[in-house]
């Protein structure tokens, strides 16, 4: 394997940015990513609205680990590793629920939903030195930013707010769309893609592919009576710390808050009301961006928030170099009126997800990339140079991808340095 | 008019055959003008698409858009077309109400592409109606028995 800093090459003189394709196929690289990225960065776990009440919980895989996100009796949330400290079994085998305790199916050890070990059958057999406190469930460091809960397996990591840095401005444009707060809507899209996890991150902020890869979506919009001739216009930006965004004007409607004729006259009034509320509550620029502009935000390393014709949170977890598990949720304002909620979910399905009119073509392209990487012995480099000569990148440039790769290379080189030092 | 299970089975087998052959325009004619086609999310099989995220929740106009898209060469996920083989069993008429009947059936659909085979397993809950003496589908609901679309990844075919 090449050193990490040889895998990403940036030549500012020649405006060349190259990424070695082994980053998508090499299992040693994935192993290093698990250590240097997924065990060091803030990784999205879930949204607080998924566990609204005391004792609510959800289980899922985060950074390859089985976790339970719980809310305790006092309303505090905890990210617990879902493993019995005795012999390893999952202590919770439901997807979600409400429970004060978790009872291991194997030997009936039981834990409170803050992780405290409270029950060990026939404890006397362990002798006098047995201390239950040493065998509490592992609670990972976990923080929330405006409802978005992240976990970090590195105890020395910076705070979540510092980590998010410039991305906070863009998260705010999502989190503050309603005076009542935002909530994850029931039903989640769980799927996988036979491609390296980084390809989905790149794809999510790649405006260049839209016109051709999603040609059928634009046809659908035309059939829906929209003028798509002005296309998708905006900027792409690296937000530092590995986070990246594209923000742009697009022809489609937005539940918050851009009306299109096919929604009908009644909807027009509803959308105008929402817009008015934004303008009253927020400053003019923020309200304008929230209502009229679209954003695809990539929080390093594996969280995407697409605020487009609907609002989706999407995470993706590597399974192997050529496979990832994806989970996508819909997000909407709490107490959203029925008709608006129905429209939000309907517009979601026009584009997004395994049955949408666009995501399946993204999946196809990513899987085709992965299959194309079989040629790596001869064709070794990805070219991510688009727009490098420009002062300001557009959505169809690749600066927002370069921002990811610069951070990736930085984190992946770290272990190497410490290894060198320890030798 | 009495509708027998045999008639419903024949209809479902013909429908499956049209879909396997990619004869989507003919397939679309098996549905009423106000038809719906739904695939709930795997973790909310009993949800309502008005308040729950689905995988597919088409009204008739969206069904027509889907059929059109699937025949566009820029629908990359199905060009070149995947091969499919649909298998239907456990067909039952569970309820009759005048000219409207509720039919349940189990399905297994194999989808082959890039020499990988994906399997979709689930249950149909369709509402059929009689239109000018012809059976048609008014509500077409495919409830996946799968826990997730891993590794299937997409519902780019009509399931």
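The values are calculated or read from the model by the stated rules, or taken from the named source; none is laboratory data. This structure is a prediction, so every number in the text was calculated from the model and none was measured. Cβ atoms come from the backbone with ideal geometry, glycine included; neighbour counts cover every protein chain shown.
Remarks
- Scanning segment B:28-39 for residues that are more than 7 Å from every other protein chain (Cβ to nearest Cβ) and in contact (Cβ under 8 Å) with a residue 24 or more places away in the chain yields B:28, B:30, B:31, B:32, B:33, B:34, B:35, B:36, B:37, B:38.
- Among residues of segment A:314-360, those that are assigned to a strand (DSSP E or B), under 18 Å from residue A:203 (Cβ atoms) and within 9 Å of chain B (Cβ to nearest Cβ), counted: 6
- Among all residues of segment B:77-84, there is none that is closer than 27 Å to residue A:328 by Cα, at the interface with another protein chain (Cβ under 7 Å from one of its Cβ atoms) and free of Cβ contacts under 8 Å to residues at least 40 places away in the same chain.
- Put simply, of B:149, B:135 the only residue that is within 11 Å of another protein chain (Cβ to nearest Cβ), at pLDDT 95 or above and more than 11 Å from the chain's Cα centre (by Cα) is B:149.
- Single residue of A:273, A:277 found to be at negative phi, in contact (Cβ under 8 Å) with a residue 12 or more places away in the chain and either more than 13 Å from chain B (Cβ to nearest Cβ) or part of a loop (DSSP other than H, G, I, E, B) (or both): A:277
- So residue B:143, is it in a strand (DSSP E or B), touching a residue at least 40 places away in the same chain (Cβ under 8 Å) and within 14 Å of chain A (Cβ to nearest Cβ): yes
- Among the residues examined, residue A:229 does not qualify as in contact with a strand residue (DSSP E or B) (Cβ under 8 Å, 6 or more places away or on another chain) and either part of a loop (DSSP other than H, G, I, E, B) or within 30 Å of residue A:276 (Cα to Cα) (or both).
- From the options B:60, B:92, B:69, residue that is over 16 Å from residue B:18 (Cα atoms), free of Cβ contacts under 8 Å to residues at least 40 places away in the same chain and more than 7 Å from every other protein chain (Cβ to nearest Cβ): B:60
- Yes/no for residue A:359 being closer than 26 Å to residue A:21 by Cα and buried (at least 21 other Cβ atoms within 10 Å of the Cβ): yes
- In the set (1) touching a residue at least 24 places away in the same chain (Cβ under 8 Å); (2) within 14 Å of chain B (Cβ to nearest Cβ); (3) over 23 Å from residue A:291 (Cβ atoms), residue A:241 fails one condition alone, (2).
- The set of residues from segment B:100-120 being within 16 Å of the chain's Cα centre (by Cα), surrounded by 15 or more Cβ atoms within 10 Å (Cβ to Cβ) and either without any contact (Cβ under 8 Å) to a residue 40 or more places away in the chain or closer than 15 Å to residue B:154 by Cα (or both) comprises B:102, B:104, B:106, B:109, B:110, B:111, B:120.
- Scan of segment A:374-413 for residues that are within 22 Å of residue A:31 (Cα to Cα) and assigned to a loop (DSSP other than H, G, I, E, B), ordered by number: A:376, A:377, A:380
- In this structure, residue A:245 qualifies as within 30 Å of residue A:372 (Cα to Cα) and either assigned to a strand (DSSP E or B) or in contact with a helix residue (DSSP H, G or I) (Cβ under 7 Å, 6 or more places away or on another chain) (or both).
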